[in-house]
Amino acid sequence: MQAAVLYGKEDVKVESVEVPKIGPGDVLVRVKAALTCGTDVKVFRRGYHARMIQPPALFGHELAGDIVAAGSAVSKFRAGDRVVAANSAPCGNCFYCKKHLENLCDDLLFNNGAYAEFIRIPSRIVEKNTYRIPAHVDYQDAALAEPLACVLRGLEESHVRPGDTVVVIGLGPIGLMFVRMAKVMGARVIAMARRHEQLEDARRMGAAHLVCLPESDDPVGLVRGLTDGRGADVVIEAVGKPEVWNLSVQLLRKGGTVNFFGGCPNDTRVDLDTNMLHYSEITCKASFHHTPGLIQDALEAVSRRDICATDFIAGQAPLSSLRDVLRMLMNSSGRLKTAIIP
């Protein structure tokens with residue numbers, strides 16, 4: 001089969017490899033759609049991910065497809081089932097799993113290889129984090145479940161409520177998902193970004209107010225002006241820059257919550273106003289990854305059409321074009337996802 005193999009920094013090759021062999025609890029899935037994402041672009045740029053993938057390795061993790069073979073011990077699925085498989089599964093036995101923090105599992109099993117004709121889904125993910133796709137849901141819509149589950153985790157951890165004012169800073173695909181789902185939850189969304197085209201995307205997602213950061217002399221004052229002088233109930237930072245983390249805290253009302261969702265580069269630091277944090281009772285959160293329950297919630301949101309792939313996918317490309325697509329995304333000339341069709 002043809003598959004993308006990560007060898008190092010900006011080094012991805014599509015080449016012939018053996019079709020994965022499956023064990024008794026595994027399934028083999030023919031990939032019908034694999035979506036690009038910001039994490040994959042970062043991995044492509046850096047050549048690795050400390051927790052998720054070390055080269056040489058098969059690459060990609062957002063997928064949906066058809067089961068073509070199931071191991072002898074698999075009872076939940078059979079050949080022909082349309083499925084979405086998450087890129088991880090917790091152990092269920094460690095301290096964090098027992099605390100219902102499966103995303104922090106000490107033995108979180110990751111799976112890569114979505115940019116390929118076939119992918120092996122290991123038994124733990126088959127058992128804990130693979131789901132049938134409803135008949136009316138398209139493969140590309142279903143493949144949104146993994147990134148959407150991460151967004152749902154962020155909203156859950158930030159305690160977004162109907163009527164809240166939520167500021168979302170950074171409007172890549174993840175930021176736009178935050179805008180859309182916060183709107184679905186009944187929040188008023190203020191969207192902030194550097195480019196007008198991103199802000200127009202946010203308007204289509206339901207943002208009530210748009211702020212172009214290069215053109216705004218006082219984003220803090222602007223947010224306070226839209227909230228009777230208080231500030232936002234929740235701020236989602238989806239950029240991953242220390243200076244934007246600092247800005248995020250300044251946009252909050254007393255008692256508000258900031259979610260530092262965007263991961264900053266290694267060894268970076270932020271300087272926060274301890275007086276404001278203390279006397280304004282600011283809550284600082286960060287959200288990582290997802291849980292099996294949230295993957296299921298995300299698939300249900302897609303099934304209800306709360307969110308659709310057409311809002312986030314700019315186009316399709318064959319597997320052979322993957323490297324060019326990643327380079328385009330790395331250079332910021334492509335702001336949305338691409339569906340890779342093996």
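The values are calculated or read from the model by the stated rules, or taken from the named source; none is laboratory data. Predicted model only: the values in this text are computed from it and were never measured. When we count neighbours, we look across all protein chains shown, and the Cβ atoms used for this are built from the backbone with ideal geometry, even at glycine.
Of the residues P214, P219, the single one that is surrounded by 18 or more Cβ atoms within 10 Å (Cβ to Cβ), more than 21 Å from the chain's Cα centre (by Cα) and farther than 20 Å from P147 by Cβ is P219.
Residues in the range 227-252 that are surrounded by fewer than 24 Cβ atoms within 10 Å (Cβ to Cβ) and touching a Ser or Thr at 6+ places or on another chain (Cβ under 7 Å): T227, D233, P242. Picking from residues in the range 121-158 that are crowded, with 22+ Cβ neighbours inside 10 Å and among the charged types (D, E, K, R), the one that is farthest from A317 (Cα to Cα) is R153.
Taking the range 174-194 as the range and being surrounded by fewer than 23 Cβ atoms within 10 Å (Cβ to Cβ), in contact with a strand residue (DSSP E or B) (Cβ under 8 Å, 6 or more places away or on another chain) and outside any strand (DSSP E or B) as the test, the residues that pass are K183, R194. Selection over the range 190-212 of residues that are without any contact (Cβ under 8 Å) to a residue 24 or more places away in the chain and β-branched (V, I, T) gives a count of 1.
Residue-by-condition table, conditions (1) touching a Lys or Arg at 6+ places or on another chain (Cβ under 6 Å); (2) not assigned by TED's automatic domain parsing to the domain that holds A89:
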| residue | (1), (2) |
| --- | --- |
| Y279 | no, yes |
| H290 | yes, yes |
| D297 | no, yes |
| E300 | no, yes |
| F312 | yes, no |
| G315 | no, no |
| P318 | no, no |
| S321 | no, no |
| R327 | no, no |
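Would you check which residues across the range 72-110 are closer than 28 Å to V17 by Cα and aliphatic (A, V, I, L, M) and list them? Across the range 72-110, the qualifying residues are A73, V74, A79, V83, V84, A85, A86, A89, L108, L109.
Among the residues making up the range 157-173, those that are farther than 11 Å from V234 by Cβ, touching a Gly at 6+ places or on another chain (Cβ under 9 Å) and not in a strand (DSSP E or B) are P162, G163, G170, G172, P173.
Checked against (1) touching a residue at least 40 places away in the same chain (Cβ under 8 Å); (2) in a helix (DSSP H, G or I); (3) crowded, with 19+ Cβ neighbours inside 10 Å, R45 meets all criteria but (3). With the structure loaded, tell me whether P242 is in contact with a Cys (Cβ under 7 Å, 6 or more places away or on another chain) and without any contact (Cβ under 8 Å) to a residue 60 or more places away in the chain or whether it fails that test. Judged against the criteria, P242 is a match. All conditions but one from (1) buried (at least 23 other Cβ atoms within 10 Å of the Cβ); (2) over 25 Å from P24 (Cα atoms) apply to A64; the one that does not is (2). Scanning the range 72-117 for residues that are over 23 Å from the mean Cα position of the chain (by Cα), within 27 Å of A339 (Cβ to Cβ) and buried (at least 18 other Cβ atoms within 10 Å of the Cβ) turns up F77, D81.
The range 84-153 holds helices (runs of 4 or more DSSP H) entirely within its bounds, and those carrying 2 or more residues that are closer than 20 Å to G71 by Cβ map to 123-128. Looking across the range 11-43 at every residue that is at pLDDT below 95 and not polar (S, T, N, Q), the one that is nearest to V83 (Cα to Cα) is identified as C37. Consider A69 carefully, then state whether it is under 19 Å from P20 (Cβ atoms) and outside any helix (DSSP H, G or I). It is true that A69 is under 19 Å from P20 (Cβ atoms) and outside any helix (DSSP H, G or I).
Return the total of residues in the range 72-83 being in a loop (DSSP other than H, G, I, E, B) and touching a Gly at 6+ places or on another chain (Cβ under 9 Å).
Filtering the range 72-83 for residues in a loop (DSSP other than H, G, I, E, B) gives 72-81.
Of the ones still in play, those that are also touching a Gly at 6+ places or on another chain (Cβ under 9 Å) are 72-74.
Residues meeting the conditions: 3.
Taking the range 153-194 as the range and being at pLDDT 95 or above and of a type in the set (G, A, S) as the test, the residues that pass are G154, S158, G163, G170, G175, A182, G186, A187, A191, A193.
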